[in-house]
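Notes for the one structure printed next.
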Amino acid sequence: MMEEKKAMKVGKYEMGRVLGEGHSGKVRLAQNLETGQAFALKVLDKQRLLKQRQSDQIKREIGILKQLRHPNIVRLHEVLASKTKIYLVLEYVSGGELYYRIEKGRLSEVNSRKVFQQLIDAVSYCHDKDIYHRDLKLENILVDPTGTIKISDFGLSASADHFKNDGLLHTICGSPHYVAPEVFSCKGYNGASADLWSCGVILYVLLTGYLPFCDRNLARLYQKIAEGNAKIPQWLSPGAQNLIRRLLDTNPKTRITADEIKQDEWFKQDYTPANPIEEDQETYIDSEIFKMPEVMEASKYQGLQGALINAFELIGMSSSLDLSGLFEEEDVSERKIRFTTNYSLRDLVEKIEGNVKEMGFRVEKSNGKLKLIQESKDQKRPFGLSIVAEVFEINPSLRLVELSKSYGDSSIYRKLCTELSKDLGVRENQPQLTVVEA
Ligand code: ADE
């Protein structure tokens, strides 16, 4: 007889199929066994939070999501933690990603506008709270069966404490096709105008079915974005053409603002602004989150397998609480890391070679790439570590270094990435290490 497979449970939630994979972890369908209600559980793996940087990012994402209650933003209901995982219990949006709708073909102007109005409502709501998404793209917009959109994945978002003294953001992040040109410059950028550029790219894709800036070569893609001359089809209505032009303005200072968008004639047609407060009263039950029976102190928690604690509490206990203490080491992480640098190509190759040779790596050059190989001395791990480094020119004084691990020990890989970005990354910034791909 076939053995029946037991569904995995996390507290009162029964886990179901994988819905998707975000920046920081898998998202699974889950059912609250007490109420029968469906949720999306974002499962954050311990290894991704090992470093202080990662746990800070997650704390930030939770802190940000907690503040957001808007009908067009995926709601965070509660946060649970076990010894090895953190679970974000999110609103379930059953229609999937907007991306898959557009894959089937562009939307009509009326439907594009409906989506865009909701997008601007949600984005301006965040901006009013000094929160910037920084990775707006079709893949991060979910749709429910009634056509209501919900923005998800605040894994890269920034809030007020992210700004340098100049009041600008400095980390390059986001998906290349949607990233504003000023984000590549080393001078810092305004989070609101950068998000609105991404909204411009989204509007363009909704209306046309294709991207305004596209190239398989990353360096050429960045050049196209920097030039900003997207071809705007003449068959679009003049109102839509005008709004795209104002959004895809390469100068963030003259780019249209959210308030101006709301005054735009094309945008205003059949526009009913969302009411975030009404939504809040309907669905949010704050007290539930803090009445969880599983809540316990972090110190008692150490070493307990399988128990759940409320991570709101966990994170709230100490601003400097290092979640990494709760997690075990694990060594597989197949990620691309990139950082920007002002070094010339020749200096860059010389520096990378110098740095990695000191760490016992051998360097091979082929097809314009550097292969960094560290042979293994450990018989249990016979394959060692292999990393590919690629350099893309963004403009005459700025280059992008992309590192990807082919195979081997992730902790050494991460150490090397950190060393290289510290030594070679653009000087006025903190080392700009950005995880770009899972
Ligand atoms: N995929 C990622 N997040 C999701 C959510 N909240 N609902 C449905 N699918 C998702």
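The values are calculated or read from the model by the stated rules, or taken from the named source; none is laboratory data. Only a predicted model underlies this, so the values are computations on that prediction, with no experimental measurement involved. Every residue, glycine among them, receives a Cβ derived from its backbone with ideal geometry; neighbour counts consider all protein chains shown. When the accessible area is computed, the model is the full protein with side chains, heavy atoms only, and any ligands, DNA or RNA have been set aside. Shrake-Rupley method; radii C 1.70, N 1.55, O 1.52, S 1.80 Å.
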For the pair Thr254 and Ser411, how long in nm is the line joining their label points, each one 7 Å along Cα→Cβ? 5.4 nm
Relative contact order for the range 98-268: what is it in percent, counting Cα pairs under 8 Å that are at least 6 residues apart? 22 percent
The range 98-268: equivalent-ellipsoid semi-axes (sqrt of 5 x gyration tensor eigenvalues, Cα, Å): 23, 19, 16
If you count only protein heavy atoms with a 1.4 Å probe, what accessible area per residue comes out for the range 9-92, rounded to a whole Å²? 37 Å²
Assuming 0.36 nm per residue, please report the length gained on full extension of the stretch Ala226 to Asp423 beyond their Cα-Cα distance. 68.3 nm
Measuring with a 1.4 Å probe in the full set of protein chains, what accessible area per residue, in whole Å², belongs to the range 98-268? 42 Å²
As a quick test, which of the pairs Lys12/Lys42; Lys129/Lys150; Lys59/Lys114; Lys129/Lys268; Lys26/Lys83 have an alpha carbon distance above 25 angstrom in this structure? Lys59/Lys114
R0 of 60 Å, Cβ-Cβ distance Lys351-Glu21: FRET efficiency to nearest 0.05: 0.95
Taking protein heavy atoms only, a 1.4 Å probe, and rounding to whole percent, the accessible area of the range 9-92 owed to carbon and sulfur comes out at 45 percent
How far is it, in nm, from the label point at Lys268 to the one at Met8 when both lie 7 Å from their Cα along the line to the Cβ? 5.2 nm
Pull out the extension gain between Glu364 and Arg106, defined as 0.36 nm times the separation in residues minus the alpha carbon to alpha carbon distance; nm, one decimal. 88.4 nm
Keeping the other protein chains in place, figure out the carbon and sulfur percent of the accessible area of the range 98-268, with a 1.4 Å probe. 48 percent
Quick one: go through the range 254-275 and flag any residue whose amide nitrogen is under 16 Å from the point 7 Å out along the Cα-to-Cβ line of Gln241. 266
How would you classify the range 9-92 from its alpha-carbon gyration tensor, with a ≥ b ≥ c the square roots of the eigenvalues: rounded for a/c under 1.5, else prolate if a/b is greater than b/c, otherwise oblate? oblate
